[in-house]
Amino acid sequence: MYGKFDGLDRLAQALIGLAALMALANGAFMLIDPFGWYDFVGTVKASGPPNAHFIRDIGIAFAISGLLLVYAALNPALRWGSAVVGNLFPTLHGVLHIYEVLVGICSPDIFWRDAPGVLGPAIAVWSAIGIQLARKRVSPVPLPKPLFVSVMQCMVGDAEPYYGDLSKAGGFAVEKFQHAMVLSGHYFHAPKDLIHMARLGSTRAEDCGPCVEIVRGIALADGMDAARLQNALVGKPESDSDALAYEFGAAIASGDAPVAAVLGDRIEALHDRKIRTELTLAAASGRLFPAIKRGLGYASACTIPRLAEHPL
């Protein structure tokens, strides 16, 4: 899920942002005053006489890296791929320094004097990415198609059997689907419990048992109470707000426009238009995955009895 930033998100932002500022500052210095940069960085003199053109070339690399990292720092969960790309040059730069000290080109004294500025930013960015990956708080968008498909098949198995079809569809279908997955996890203004209730109601209205279990699992991972979710699924929501969000999602999924409009107006009156919008997106995304399964002939993997016949 991609809600408001928490403390660890802010830490990841700070780590990437610090690396970005260092790269931009260094790049700007090298571009504007290459000989001044050469004199300022005392250890660089051991590598030979200055060359303004080469210094500016390297400054461009630092500047590009810094810009990519700035972009990533604004939202590490969604833009961690940009952080990876932006961190390639600092990382390889650090690897070069390590290689040179190992083979004797650079003295250990110079290496350790350079280490904070050379290795520090790269380590900071990889640490930030690691924080997000460890929490599974990352967008699937940057993942290459084979890796993404393999990961999803391992995670959901037969519950979502269409990943093989998507991988063969061509036209970057998998990458576009990854963006749809990001939208399905969006919330910012709305309380997360309302988001999960709207998505649960929408998915349940689609009569898709495996999809309901996936949505319930996502809600549990986001801190929702299992009994609370179960009560909503069996038609006994624990609060009026749970009932309102759940029924709103169900009305959207079932195509009941009059009921959806009435419930949406109630949500807007109780909260505001932005929250109604986010609940609408949550409910709409709940229809996507069951619809794909039905369209590709996997209806038997999706259909479950109505609640009145067989409560979950």
I need the full set of residues from the range 265-296 which are among the small types (G, A, S) and buried (at least 20 other Cβ atoms within 10 Å of the Cβ), in order please. A282, A283, S285, G286
C208 fails exactly one of the following numbered conditions: (1) modelled with pLDDT of 85 or more; (2) assigned by TED's automatic domain parsing to the domain that holds D272; (3) at negative phi. What is the number of that condition? (1)
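To keep it simple, each residue is scored yes or no on (1) closer than 21 Å to D240 by Cβ; (2) surrounded by fewer than 24 Cβ atoms within 10 Å (Cβ to Cβ).
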position: V174; (1), (2): no, yes
position: Q178; (1), (2): no, yes
position: L183; (1), (2): no, yes
position: D193; (1), (2): yes, yes
position: L200; (1), (2): yes, no
position: P210; (1), (2): no, yes
position: E213; (1), (2): no, yes
Please work out if V262 is β-branched (V, I, T), surrounded by 15 or more Cβ atoms within 10 Å (Cβ to Cβ) and either without any contact (Cβ under 8 Å) to a residue 60 or more places away in the chain or not in a loop (DSSP other than H, G, I, E, B) (or both). no
Tabulated pairs, the range 149-164, first within 15 Å of E213 (Cα to Cα) and not assigned by TED's automatic domain parsing to the domain that holds I214, second modelled with pLDDT under 80 and assigned to a helix (DSSP H, G or I), C-beta under 8 angstrom, 6+ apart or interchain: D158/A301; A159/A301; P161/A301
Could you tell me how many of the residues in the range 118-136 are exposed (fewer than 14 other Cβ atoms within 10 Å of the Cβ) and part of a helix (DSSP H, G or I)? 3
Those residues of the range 137-169 which are farther than 24 Å from D9 by Cβ, at pLDDT below 85 and either touching a strand residue (DSSP E or B) at 6+ places or on another chain (Cβ under 6 Å) or outside any helix (DSSP H, G or I) (or both) amount to E160, P161
When the range 18-41 is checked residue by residue, the ones that are over 34 Å from the mean Cα position of the chain (by Cα), part of a helix (DSSP H, G or I) and under 18 Å from P116 (Cβ atoms) are W37, F40
Could you run through the range 82-115 and say how many residues are within 37 Å of the chain's Cα centre (by Cα) and within 17 Å of K45 (Cβ to Cβ)? 6
Residue that is surrounded by the most Cβ atoms within 10 Å (Cβ to Cβ), among those in the range 76-117 that are free of Cβ contacts under 8 Å to residues at least 12 places away in the same chain and in a loop (DSSP other than H, G, I, E, B): I105
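The values are calculated or read from the model by the stated rules, or taken from the named source; none is laboratory data. This one's a predicted model, so the numbers in the text were calculated from it and none came from an experiment. Counting neighbours? That spans all protein chains shown, and the Cβs are built from the backbone with ideal geometry, glycine included.
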